[in-house]
Ligand code: NI
């Protein structure tokens, strides 16, 4: 169930069965010459939505602009400052906990968000710790590509040119969900350079077309579907443990 497609009495009823919610979280940033700018937000959204449809677990709105200052040298990229994101995430968390949600699972699609999501969680827990109060809420972040089975499948599908940014796997996931947005582009060089970066100007200089280490021209919808199926199964299993509710309890509703 999607929170934004539910009416409030349905959310009330859900909370009597389960106090967990999934929040897809990502970024709006360039993904090379053939990757969608929304890739990092779309991948967790696609996987969470399919998992929510199958299991009945509630999926909230996607937090779709993250830490992407280093991508601002490419048209269309957007960023939050880390301080803004920490504050915004705490407002999202407190809105949900006010209604009784006590397990909030952030399914992340962007490596650049990891540290700031962790800082946002520390900010939330600090208010309890400083008051010497026990926090009844548990927050969790998980990168979709680290769900059990996903990396093994990526290695099998793309033994060469998976890469670190604008990966063949993430582009495949978006091509599966949005076949109308597929772009056919010749990659030059075939596999992008690897290395480190600091700000947007440094990134653009080091990685001229935006990719890091990848050849996303290998991406196909069929491969994306296999990745989504694997990630979805692993996600439902992980949520069942974290939320402490079996999907069958929700299906019986
Ligand atoms: Ni990405």
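Coordinate-derived values only; no laboratory data. Quantities reported herein were computed from a predicted structural model and do not represent experimental measurements. So basically every Cβ, Gly included, is an ideal-geometry build from the backbone, and we count neighbours across all protein chains shown.
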Quiz item: Roughly what % of DSSP beta bridges within the chain run antiparallel, to the nearest 5?
Solution: 10
Quiz item: Could you give the nm distance between label points at residue 78 and residue 233, where each point is 7 Å from its Cα heading toward the beta carbon?
Solution: 3.6
Quiz prompt | Gap separating the Cα centres of the range 207-253 and the range 151-205, nearest whole Å | solution = 17
Practice problem: Set the Förster radius R0 to 41 Å, insert the Cβ-Cβ distance between residue 95 and residue 146 as r into 1/(1 + (r/R0)^6), and round the FRET efficiency to 0.05. | Solution: 0.90
Quiz item: What do the square roots of 5 times the Cα gyration tensor eigenvalues come to for the chain, in whole Å, largest first, as semi-axes of the equivalent ellipsoid?
Solution: 32, 22, 14
Quiz item: Over all pairs of distinct alpha carbons, what does the Kirkwood formula give as the hydrodynamic radius of the range 152-253, in Å?
Solution: 15.6
Quiz item: For the range 6-120, what size does the Cα cloud have along each of its three principal axes, sorted from largest down, in whole Å?
Solution: 47, 30, 21
Self-check item: Principal axis box of the range 81-140, alpha-carbon based, largest edge first, Å
Solution: 31, 22, 16
